[in-house]
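Below is one structure, written out as structure tokens; the observations come after it.
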Amino acid sequence: MAVISKGIKLSYKAGEASSFVELTNLQEIPELGGEKESIEITTLADAAHTYTDGLINYGDTVSFKFLYEKAQFTTLNGLENEVEWKVELPDSAACTFSGVASVKLDGVGVNAALTYTLNIKPSSEMVWA
């Protein structure tokens, strides 16, 4: 059976908090996970290039899009230091990681909903459970 995007949740835990705070008005999530970088290990005796796996690269930033709501926008904009993040899928699979957040109000045109983007720079592994 297919799993659809309805019900995906993003939450965070900052400082000494004991539980995650669920965010509202989430519209889009990024790709989650990474790729192992390749390290070339070709020797002069090899007939072709050879490689081994390097570190996992999650990318510089993962970006989440929200409908604008002043209180949540202000709260997220005030987060400092590293925060723990959790993305929960509708089938209860969850990805957790740590990272530093920044927030920006998205551009807008005539007759459009205000949105903002939460950008997170990952500072730990992304763990799926």
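Ligands, DNA and RNA left out, the accessible area of the chain computed with a 1.4 Å probe is 51% carbon and sulfur.
Estimated purely from DSSP H runs of n ≥ 4, each contributing -39500 (n - 2.57), the mean residue ellipticity at 222 nm for the chain is -1500 deg cm²/dmol once divided by its residues.
Positive contributions from Lys and Arg (+1) and negative ones from Asp and Glu (-1), summed over other residues with Cβ under 13 Å from the Cβ of Ala101, come out at 0. A simple charge model with +1 on the Cβ of Lys and Arg, -1 on the Cβ of Asp and Glu and nothing else charged puts the dipole of the stretch 1-63 at about 400 debye relative to its Cα centre.
Build a GNM of the chain with springs between Cα atoms under 10 Å apart, and of Ile29, Ile39, Ile56 the one that fluctuates most is Ile39.
Under 12 Å from the Cβ of Leu118, count the other residues' Cβ atoms, weight Lys and Arg +1, Asp and Glu -1, and hand me the total. Charge balance near Leu118 sits at +1.
Contact order for the stretch 1-67, expressed relative to its length and based on alpha carbon pairs under 8 Å spaced 6+ residues apart, stands at 31 percent. May I ask which residue of Gly109, Ile8, Leu79 lies farthest towards the positive end of the charge dipole of the chain, with charges of +1 (Lys, Arg) and -1 (Asp, Glu) on Cβ and the Cα centre as origin? Working it through, the farthest residue towards the positive pole turns out to be Gly109. Mean separation of Cα pairs under 8 Å and 6 or more residues apart, divided by the residue count, gives the chain a relative contact order of 26 percent. Taken along its principal axes, the alpha carbon cloud of the stretch 44-129 reaches lengths of 63, 32, 30 Å, longest axis first.
Here the dipole of the chain is about 560 debye; that uses its Cα centre as origin and unit charges on the Cβ of Lys and Arg (positive) and Asp and Glu (negative).
Springs join every pair of Cα atoms under 10 Å in this Gaussian network model of the chain, and among Gly78, Gly109, Gly54 the largest mean-square fluctuation is at Gly109.
The values are calculated or read from the model by the stated rules, or taken from the named source; none is laboratory data. All figures in this text were calculated on a predicted structure; none of them were measured in a lab. Cβ atoms come from the backbone with ideal geometry, glycine included; neighbour counts cover every protein chain shown. To get the accessible areas, we keep the full protein, side chains included, count just its heavy atoms, and leave off ligands, DNA and RNA. Shrake-Rupley method; radii C 1.70, N 1.55, O 1.52, S 1.80 Å.
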